[in-house]
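> Below is the structure I would like to discuss, written out as structure tokens.
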Amino acid sequence: MEAVLEFLSGVPGPTGKSALEFVLVEWCSKQHLFFGLYERKVSTLALCKLLQHAVSMQDVRIANIEIKGDQVYTSNAGVKTRSQTRERPAQWTTIPLLVKICKLIIYELSNAIEMAMNSVKEEDTEDDEIEWNDDNSGGDDAEGGNLFVAETQGIDSSLTAYCGLNSDYLGMCDGDVEEEEDPDVLNDPLYSVDLRSTLVQFLQSLVQLPCYAVFEVHFSSQEKQVLTNIGITT
């Protein structure tokens, strides 16, 4: 990592500042655009490594970078016309890059927690459907089985076949769980990492460091709630 940081910090970027600042600002600004569970996991774990390095090494090359933070809302903003939006564009706070990285990590943890909760709900729903089918598997249909169940099973089969042929439409089938098929991805140790537990442990370690007091000043109420849910009080 040090070799890459050293190289980028010595190369000018397209904005006139260092390439290091350009790359990190672009990365953090577009983290929410990463598509795919594996891609988001790799990016998030890399952000953890970068934050850990910057804090432990007190790397001013990273610590001195500033980035756009949260949007500033005014109580009397109301509904704006297009001309008013052009005249008074949205305003944003400016925060240290390391704070932004920490906020992104909290955001990804929130997503991981929500996915885990949805997965549990889907499993409960499937169990309920199995029990319902078992309870209603009598001989209503003369040729064997409940006609309604047989018809719905046919619909399910058609839907499964459609989704199999249209696997690019992620989220439509298999309980919104992305099925990874790339063998290189499946063989990557990062693929099997439990992102939720890893981020929880990371944040619980971060809260013990002196720099955390600087970070938590910039947390929104939603971010504080996520931290409270994992036992971190702010």
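> Give the carbon-plus-sulfur fraction of the accessible surface of the stretch 8-80 in %, rounded to a whole number; probe 1.4 Å, heavy atoms of protein chains only. Provide the component values of the computation, followed by the final result.
Values: 2590 of 4370 Å².
Carbon and sulfur atoms account for 59 percent of the accessible area of the stretch 8-80.
> With a cap of 14 neighbouring Cβ atoms within 10 Å, and only residues DSSP puts in a loop, list the chymotrypsin sites (Phe, Trp or Tyr not before Pro) found in the stretch 1-59.
Working: sites: Phe7, Phe22, Trp27, Phe34, Phe35, Tyr38; in loops: Phe34, Phe35.
Those that pass, being in a loop and sparsely packed, are Phe35.
The values are calculated or read from the model by the stated rules, or taken from the named source; none is laboratory data. Because the structure is predicted, anything quoted here is derived from the model rather than measured. Glycine also receives a Cβ, built like all others from the backbone with ideal geometry; neighbour counts cover every protein chain displayed. These area figures cover heavy atoms from the full protein model, side chains too; ligands, DNA and RNA do not enter into them. Shrake-Rupley method; radii C 1.70, N 1.55, O 1.52, S 1.80 Å.
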